[in-house]
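Each value in this text was obtained by applying a stated rule to the coordinates, not by laboratory testing. Computed from a predicted model, the values in this text were never measured in an experiment. Neighbour counts run over all protein chains shown; Cβ positions are idealised from the backbone, glycine included.
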Amino acid sequence: MSCRNFFGTSGKVALATTIGLTTFNSLANKDVEALFTSNEYPFTLGVASVTRWRRIMDKISS
């Protein structure tokens, strides 16, 4: 089995498992509370900061 096939199959299995468990738990538990709540805006860095960070990391790794 090649590395590409292994990771592709592993990803599909993980996705199917996650969807199955999420669907099952959603149907079984009607009263679910959020584990984390925040009133702050979660995306404080913005796209420009992430792009800049990725370009720096690309230069370091090459």
In nm, to one decimal, how far is the residue 23 label point from the residue 56 one, both placed 7 Å along Cα→Cβ? 4.3
Just to be sure I understand the model, the point goes 7 Å from the Cα along the line to the Cβ. What's the resulting residue 6 to residue 48 distance in nm? 4.3
